[in-house]
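To keep things clear, I will list the structure first and then write my remarks on it.
No lab work stands behind these numbers, since they all come straight from the coordinates. Only a predicted model underlies this, so the values are computations on that prediction, with no experimental measurement involved.
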Amino acid sequence: MGDGTDALNEIAPPSTRGFLRKRGGGDRGQVTVEFLGVLPLALIVLAVIWQLVLVGYTYSLAGNSADKGARAGAAKGAGACQDAAAKDIPGSWTADIDCGGGDGTVYKATVKLHVPILFPGAADFPWTVTGTAGAADETDLAGGGH
């Protein structure tokens, strides 16, 4: 007869029969070992996704900054372009801002940002993201031209 678990296994529903038996110690800790085996892969995937988010955010920053700089420069000149373009760029991004290249009717601004590696401010990739924008040049109108 034993400890009576045989009689319980006969009347217990099939889904609970395994729980009524005494478990052997052969597979204890298996979930922990599997988790530790998958953890590095999960961390690598998260780091790659985070890096892609940073690249996308850098493109967004460059385009938005160039647009604001071009609009300000078209109305008030190169100094306003530099200030407006640099205003919304976080300090941990390295930026090169070029204002004023245009044909006289369109004021252009170009912003080049370095893409950070995992954490802005720590290290940058060797390539840059470029955002370029143009706006109708209004500096002659503001000064009483045409």
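Residues whose amide H comes within less than 5 Å of that of ASP137, counting only those at least five positions distant or on another chain, are VAL106, TYR107 (H built at 1.01 Å from N in the peptide plane).
Couplings 3J(HN,Hα) of region 52-62, computed from phi: 5, 4, 5, 5, x, 5, 5, 4, 5, 4, 5 Hz, in residue order, whole Hz [Karplus 6.51 cos²θ - 1.76 cosθ + 1.60, θ = phi - 60°; x for Gly and Pro]. In terms of overall dimensions, the C-alpha atoms belonging to region 41-100 reach 52, 16, 14 Å along their principal axes, ordered largest to smallest.
3J(HN,Hα) couplings calculated from phi for region 81-94 with the Karplus curve 6.51 cos²θ - 1.76 cosθ + 1.60 (θ = phi - 60°) are, in sequence order, 4, 4, 5, 5, 5, 7, 4, 9, 8, x, x, 7, 8, 8 Hz; Gly and Pro show x.
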